[in-house]
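The values are calculated or read from the model by the stated rules, or taken from the named source; none is laboratory data. It should be emphasised that the depicted structure is a prediction, and the values quoted were computed from it without experimental measurement. Cβ sites come from the backbone with ideal geometry, for glycine too, and all protein chains shown count toward neighbours. To get the accessible areas, we keep the full protein, side chains included, count just its heavy atoms, and leave off ligands, DNA and RNA. Shrake-Rupley method; radii C 1.70, N 1.55, O 1.52, S 1.80 Å.
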Amino acid sequence: MRTFIRDLKLLVKGLVLVANVLPIISGFWIALYYTDANFSDYWQIFIFGAIGGTLVIAGALIINNWYEVDLDEAMDRTKERPTVTGSFSLQTVLRLGLIFSIVGFVFMLFTNVEAFIYAFLGWFTYVVPYTLWTKRKYTLNTIVGSISGAFTPLIGWALVDTALQLIPLVIFILLFLWQVPHTFAIAMRRYEDYKSAKVPMLPVAFGFEITKRQMLLYIAAMIPFPFFLIDLGVGYVAIVTTINILWLISAFRGLFTRDDKAYADRMFYYSLTYLNVTFILMIILTLPFFQT
């Protein structure tokens, strides 16, 4: 049983799954705050949306594992995945991916049409344009994958109100921008893996210097967006912006360093810090609103 659970975690890329579910919860929570709604009126739709969104994301990740087994075999960091070790047959993995996806979509149908559409768009973008098309052919795969992941807060917001308004769209853009330097940092850290698997990540195709400059631009582009969330408090904007600026300074210094491994590690941990602080603070700072 322990082995099965371990293999299942690897199959759904545990931390990746959590990182995608967190924005769903945060999107829902701050939508309640901005619309002055009560959780008691939306707890049922939240449960359906949280379960459905999690299953849809897990289904997409499993299908990704099924399709990329040859790439995983060539990379050290993915050789323990059950598709590589043979713990799960590829046919079983595909079936699991489809079952998770379908059941997730069924749960989403019990929410509302808009939330369902965002869940489908995120799943479709990740599975078709990213996994089946661009991942193996173009450095653009990072952009496509980032678009897919950015739909998650829209799913959460749409459980309460339409996400076709400024605040949720700002969060969508912010999450999209964040994913690009985060992914580039991973690609730099795992350069040899991606090179062995012949995956055209930006560092592999064009080198570290261009990757560093691209990261700097995306990190800088993130700075204005937390100011649109000023209703969460000056403290929120100040904390998130401070982390963003420190991240930017570190990225700028990286242009002049030859220790690319240390640079990539630093960028990776800054990106994780930024994500967690940004979305967890959204929940923490709005707690008093729900207690009054």
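For the stretch 130-142, the set of residues classified as of a type outside the set (D, E, K, R) and surrounded by fewer than 18 Cβ atoms within 10 Å (Cβ to Cβ) consists of 132, 133, 138, 140, listed by residue number.
For residue 151, the conditions (1) over 19 Å from residue 229 (Cβ atoms); (2) within 16 Å of the chain's Cα centre (by Cα) all hold with the exception of (1).
If you go through the stretch 120-131 one residue at a time, do you hit one that is more than 20 Å from residue 100 (Cα to Cα), under 13 Å from the mean Cα position of the chain (by Cα) and part of a helix (DSSP H, G or I)? Checked against the condition, which is being more than 20 Å from residue 100 (Cα to Cα), under 13 Å from the mean Cα position of the chain (by Cα) and part of a helix (DSSP H, G or I), the stretch 120-131 yields no hits at all. Among the residues of the stretch 263-284, are any in contact with a Leu (Cβ under 8 Å, 6 or more places away or on another chain), open to solvent by less than 40 Å² (accessible area, probe 1.4 Å) and either without any contact (Cβ under 8 Å) to a residue 60 or more places away in the chain or not in a helix (DSSP H, G or I) (or both)? Checked the stretch 263-284: at least one residue is in contact with a Leu (Cβ under 8 Å, 6 or more places away or on another chain), open to solvent by less than 40 Å² (accessible area, probe 1.4 Å) and either without any contact (Cβ under 8 Å) to a residue 60 or more places away in the chain or not in a helix (DSSP H, G or I) (or both).
Checked against the criteria, residue 105 does not count as free of Cβ contacts under 8 Å to residues at least 40 places away in the same chain and either part of a helix (DSSP H, G or I) or under 21 Å from the mean Cα position of the chain (by Cα) (or both). Would you call residue 163 at pLDDT 95 or above and part of a helix (DSSP H, G or I)? Here the answer is no, as residue 163 does not meet what is asked. On the stretch given as the stretch 234-256, residues that are without any contact (Cβ under 8 Å) to a residue 24 or more places away in the chain and either open to solvent by less than 40 Å² (accessible area, probe 1.4 Å) or in a helix (DSSP H, G or I) (or both) total 9.
With respect to residue 94, determine if the residue is at pLDDT 95 or above, of a type outside the set (Asp, Glu) and over 21 Å from the mean Cα position of the chain (by Cα).
Yes; evaluated as a whole, the condition is true for this residue.
If you go through the stretch 222-233 and keep only what is surrounded by fewer than 16 Cβ atoms within 10 Å (Cβ to Cβ) and more than 20 Å from residue 284 (Cβ to Cβ), you end up with 223, 224. Scanning the stretch 206-218 turns up one or more residues that are part of a loop (DSSP other than H, G, I, E, B) and at positive phi.
Across the stretch 163-220, the number of residues qualifying as open to solvent by less than 50 Å² (accessible area, probe 1.4 Å), of a type in the set (Phe, Trp, Tyr) and over 15 Å from residue 147 (Cβ atoms) comes to 3. Only a single item in (1) part of a helix (DSSP H, G or I); (2) more than 23 Å from residue 281 (Cβ to Cβ) is not met by residue 80, and it is number (1). Among the residues making up the stretch 51-84, those that are small (Gly, Ala, Ser) and open to solvent by less than 20 Å² (accessible area, probe 1.4 Å) are 52, 53, 58, 59, 60.
If you scan the stretch 9-42, which residues turn out to be charged (D, E, K, R) and open to solvent by less than 60 Å² (accessible area, probe 1.4 Å)? Correct list: 13 only. Quick one: would you say residue 114 is surrounded by fewer than 20 Cβ atoms within 10 Å (Cβ to Cβ), out of contact with any Lys or Arg (no Cβ under 6 Å at 6 or more places or on another chain) and part of a loop (DSSP other than H, G, I, E, B)? Spelling it out, it is not the case that residue 114 is surrounded by fewer than 20 Cβ atoms within 10 Å (Cβ to Cβ), out of contact with any Lys or Arg (no Cβ under 6 Å at 6 or more places or on another chain) and part of a loop (DSSP other than H, G, I, E, B).
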